[in-house]
Amino acid sequence: MAIRTLDVAAIRKDFPIFETGIAYLDSANTSQRPRQVTGAMLEYFEKFNSNIHRAAYRIAEEATVRYEATREKVRAFINAASTKEIVYTRGTTEAINLVAYAWGRKNIKQGDLIVLTIIDHHSNIVPWQILAAEKDARIEYVDIDDRGELRRDQFAELLNRGPKLVAFNLVSNALGTINPAHEMVAAAKRVGATVLVDGAQSTPHQPIDVRALGCDFYAFSGHKMLGPTGAGILYGRREVLEAMDPFMAGGDMIKTVRVEETTYHDLPWKFEAGTQAIAEVIGLGAAVDYLNDLGMDAVRAHELDITEYAYEALSDVDGLTVYGPPPSRRAGVISFSLDGIHPHDLATIADRDQVCLRAGHHCAMPLMTRLGVAATARASFYVYTQKDEVDRLVSSIKEAQRIFA
Amino acid sequence: MMATADDQFYREYIIDHYKHPRNYGRLEHPDISHEEDNPLCGDVVGMDFRVTDGVIEDVRFHGRGCAISQASASLLTERLKGMPLDEAKKINKDDVLGELGIDISPARIKCALLSLKVLKVGAYGLADIDEE
Ligand SMILES: Cc1ncc(COP(=O)(O)O)c(C=O)c1O
């Protein structure tokens, strides 16, 4: 079946922010949100604002239905077996911390090995460092080769040492590298490891099937996929989630509370303590609908097209170094540096032209150290990105080079 | 407003100080030596001072980072040479920003003030200073 192409001009009409004239090249950081998403949230606030799971009146039932409907949408979106496996969190960071706390503290023992990668985001490093320090466990990092791709030989070697946990991002936010996740999960499962995949940068940009992937945990954030901030997902295989203790404790995650003993709620609510981000979860459901309407194959195809265009345009600039693999093996992210111009200076100059560009370490300081740079500039793309925004970036770069000449 | 502030941001003398930093390098056997970094953007500034009879006889800075952090350090060293240390201790945030002469956005203020932090922590021998 031929893949549809995105009608970017029509898509941009759904995003009022583009009326400001900005070229938004920071979607890997957070995406923009269409009217459909903000509209769904507004409708909740204006028509059935109430708490969920707790009240018997009609608007609370409506709120509960809409809130729970997102769970089924997300389940289908990533092809999980059951909505019991879809836990709402505030985002990827909270999802990973949930696993580090509720799974890690129970399962990681002294001397155990945890395998991470040098291209992981701090949110998939620091929770494990805390756990490892507490349990006296060890962490090893899979290195990258010169193209910014994980070293498979070293990964295989580390697996031979029998890690308890393997955790890595499917797509690197700093380099855009798409990791061979299916192979990596399969290899890690063969040696009996529990596997967490950080899907923060993959879920928004390509079709995801967690069952085909075969991982135990999969985490992502709504705000990078057209949804609002404050709503994210932890997918966990049912048996694994069942065996875990709660993360946060309090209201809603319980079945019965007596002074001497408490029984916990069933999955997934066992992990959802306290009043939840109701509007945000409803917004996330609308974002999933929006992406489904576009088709995730079409989303990926569009990003590949933009990335190829940008990769070529940037590679043509004198004194510009692009980090990471060729466009076919990278998501819509291009990290680069300019001779003699610090990324922050470039970002400031680009900002004058209303070009939103990220500069910094991208929450991947171990990777920056590995690359021998303190920071890079990063352009990232999404469903609404058009080539003219890339052209504006190139103009800003040339302007920076003129100023610093 | 944003646009006019930015238009003036990379004035020629800032680029000049960035590309041709004054008093760049190290002193042998400095009386005071201190370095600070700004992990968020990776800017580093260090300063060496030779102090004779309470006067900064010589100063050198080293480091790397954005134009704002490096130009600000270069400008500061020019001002410090020959200044009594007690006077140098009184240099404040507004002095440094005034010397830079540009409108700095909140996101870049840490870059502009990194060298002042080096001076203060170095001169007072303090572990850290209040950034505000
Ligand atoms: C690969 C990756 N993992 C984790 C995160 C953390 O996501 P959040 O800040 O939404 O929790 C990000 C976001 O920058 C990311 O890019």
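Take every pair of alpha-carbon atoms less than 8 Å apart whose residues are at least six positions apart; their mean separation over the length of chain A yields a relative contact order of 23 percent.
DSSP bridge analysis restricted to the protein assembly as shown gives an antiparallel fraction near 70%, rounded to the nearest 5.
Computed in the context of the full set of protein chains, the accessible area of chain A at 1.4 Å probe radius has 50% of its extent on carbon or sulfur.
Here the Karplus relation 6.51 cos²θ - 1.76 cosθ + 1.60, evaluated at θ = phi - 60°, turns the backbone of segment A:99-106 into coupling constants of 5, 4, 7, 7, 8, x, 5, 8 Hz, with x for every Gly and Pro. Approximating the spin labels as points 7 Å out from Cα along Cα→Cβ, the B:GLU99-to-A:ARG258 distance works out to 7.3 nm. In terms of its C-alpha gyration tensor, segment A:346-403 has an oblate overall shape, because the principal axis ratio a/c (a ≥ b ≥ c, square roots of the eigenvalues) is not below 1.5 and a/b does not outweigh b/c.
What 222 nm value per residue comes from the helices of chain B, counting each DSSP H run with n ≥ 4 as -39,500 (n - 2.57) and dividing by all residues, nearest 500 deg cm²/dmol?
Per the formula, -12500 deg cm²/dmol.
What number results when the radius of gyration of segment B:5-131, computed over Cα atoms, is divided by 2.2 N^0.38 Å? Before the final figure, lay out the partial values.
Numbers: Rg = 13.6 Å, N = 127, 2.2 N^0.38 = 13.9 Å.
Ratio of Rg to 2.2 N^0.38 Å for segment B:5-131: 0.98.
Per-atom-type breakdown for segment B:1-111 gives carbon and sulfur 50% of the accessible area (1.4 Å probe, protein chains only).
The length gained on full extension between A:GLN354 and A:ASP316, counted as 0.36 nm times the residue separation minus their Cα-Cα distance, comes to 11.4 nm. For segment A:104-146, the Kirkwood estimate of hydrodynamic radius, built from reciprocal distances between every pair of different alpha carbons, is 10.7 Å. With kT/(6 pi eta Rh) evaluated at 37 °C and eta = 0.692 mPa s, and Rh the Kirkwood radius from Cα pairs, segment A:64-124 diffuses with a coefficient of 236 µm²/s according to Stokes-Einstein. DSSP beta bridges fully contained in segment B:5-131 are about 95 percent antiparallel. If you take the Cα centroid of segment A:320-391 and the Cα centroid of segment A:154-228, the two points sit 23 Å apart. Springs between Cα atoms under 10 Å define the GNM used for chain B, and in it the highest mean-square fluctuation of B:ASP53, B:ASP86, B:ASP103 occurs at B:ASP53. Once B binds A, the 1.4 Å probe can no longer reach about 1400 Å² of accessible area, counting both sides.
Is segment A:38-293 best put as rounded, prolate or oblate by its Cα gyration tensor, with a ≥ b ≥ c the root eigenvalues, rounded for a/c under 1.5, and otherwise prolate when a/b is larger than b/c, oblate when not? Verdict is oblate for segment A:38-293.
Based on C-alpha pairs under 8 angstrom that are at least 6 apart in sequence, segment B:5-131 has a relative contact order of 27 percent. Rounded to the nearest 20, the Cβ-based charge dipole of the protein assembly as shown about its Cα centre (Lys and Arg +1, Asp and Glu -1) stands at 1400 debye. If r is the Cβ-Cβ distance from B:GLU87 to A:HIS122 and R0 is 56 Å, what FRET efficiency results, to the nearest 0.05? Computed FRET efficiency for B:GLU87 and A:HIS122: 0.85.
If you sort the three axes of the alpha carbon gyration tensor as a ≥ b ≥ c, you get a/c of 1.5 or more for segment A:131-250 and a/b no higher than b/c, which makes it oblate.
Give the relative contact order (percent, whole number) for segment A:230-310; include only Cα pairs under 8 Å separated by 6+ residues. Value for segment A:230-310: 26 percent.
Counting only DSSP H runs of at least 4 residues, each contributing -39500 (n - 2.57), and dividing by the residue count of chain A, the helix-based mean residue ellipticity at 222 nm comes to -11500 deg cm²/dmol.
The distance linking segment A:282-312 with segment B:33-71 is 46 Å (Cα centroid to Cα centroid, whole angstrom). Couplings for segment A:163-171, taken from phi via the Karplus curve 6.51 cos²θ - 1.76 cosθ + 1.60 with θ = phi - 60°, read x, 7, 9, 10, 9, 7, 8, 5, 10 Hz in order; Gly and Pro are left as x. When peptides A:285-295, A:237-247 are ranked by their average number of other Cβ atoms within 10 Å per residue, the highest-first order is A:285-295, A:237-247. Neighbours of A:GLU183 by Cβ distance under 12 Å: Lys/Arg scored +1, Asp/Glu scored -1, total +3. The HN-Hα couplings worked out from phi for segment A:27-41 by the Karplus form 6.51 cos²θ - 1.76 cosθ + 1.60 (θ = phi - 60°) are 6, 5, 7, 8, 8, 7, 10, x, 3, 4, 6, 5, x, 5, 6 Hz, whole numbers, x standing for Gly and Pro. Computed from the C-beta positions of B:ALA107 and A:LYS109, the FRET efficiency with R₀ = 30 Å rounds to 0.10.
The values are calculated or read from the model by the stated rules, or taken from the named source; none is laboratory data. Computed from a prediction, not measured in an experiment: that's the story for all the values here. Reconstructed Cβ throughout: ideal geometry from the backbone, glycine too, with neighbour counts over all protein chains shown. The protein model used for the area step is the full one, side chains on, heavy atoms only, and it has no ligands, DNA or RNA in it. Shrake-Rupley method; radii C 1.70, N 1.55, O 1.52, S 1.80 Å.
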